[in-house]
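Below: one structure, written as structure tokens.
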Amino acid sequence: QVQLVESGGGLVQPGGSLRLSCVASGIIFSNYYMGWYRQAPGKQRELVASITGDSSTDYADSVKGRFTISRGNAKNTVYLQMNSLKPEDTAVYYCNGRRGLYDIWGQGTQVTVSS
């Protein structure tokens, strides 16, 4: 069964940190371009960070210097380390995997940044 399962979301105070994980199954993970997206209430889903199979990365301007995406191909897992969190980072975070015509999404994990 092809699926992506996210974990690690939660409630954190401004300035705090969280680490999201996304475990893939049913695919040859190392062949997939992986990304983390987020969607806040009333807003469009946006790309936060992405990573290629050989670990080249890219980030949205709003998270550069605060978030780090990484992957462990042996564990079929992609991570998003989020530091210096701000209230505007509050959103549902989704894991995405792409290869050619294949486009796979996780169910999302809620991140809430609030005091």
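For region 26-115, applying the loop criterion from DSSP together with a ceiling of 12 other beta carbons within 10 Å to the trypsin sites (Lys or Arg not before Pro) yields Lys43, Lys64. Average accessible surface for region 1-63: 54 Å² per residue, computed with a 1.4 Å probe over protein heavy atoms with every protein chain in place. In the assembled protein chains, Thr68 presents an accessible area of approximately 70 Å² (probe radius 1.4 Å).
Using the alpha carbons alone, the radius of gyration of region 48-115 stands to its Kirkwood radius in an Rg to Rh ratio of 0.97. Amide hydrogen proximity for Thr90: with H placed 1.01 Å from N in the peptide plane, the residues at 5 or more positions away or on another chain lying under 5 Å are Val113. State the percentage of accessible surface on the chain attributable to carbon and sulfur atoms; use a 1.4 Å probe and exclude ligands, DNA and RNA. The computed percentage sits at 47. Scalar couplings 3J(HN,Hα) for region 96-102, obtained by applying the Karplus form with A = 6.51, B = -1.76, C = 1.60 to θ = phi - 60°, are 9, x, 9, 7, x, 7, 7 Hz; x denotes Gly and Pro. Show log10 I(q)/I(0) for the chain at q = 0.14, 0.18 Å⁻¹, two decimals, from a solvent-free Debye sum over equal Cα scatterers. With one equal scatterer per Cα and no solvent, log10 I(q)/I(0) is -0.51, -0.84. On the principal axes of its alpha carbon atoms, region 1-69 extends 37, 24, 24 Å, with the longest extent given first.
The values are calculated or read from the model by the stated rules, or taken from the named source; none is laboratory data. These figures come from a predicted structure and were not determined experimentally. Don't worry about glycine lacking a Cβ; one is built from the backbone with ideal geometry, like all the others, and counts go over all protein chains shown. Side chains included, ligands, DNA and RNA excluded: accessible areas come from the protein's heavy atoms. Shrake-Rupley method; radii C 1.70, N 1.55, O 1.52, S 1.80 Å.
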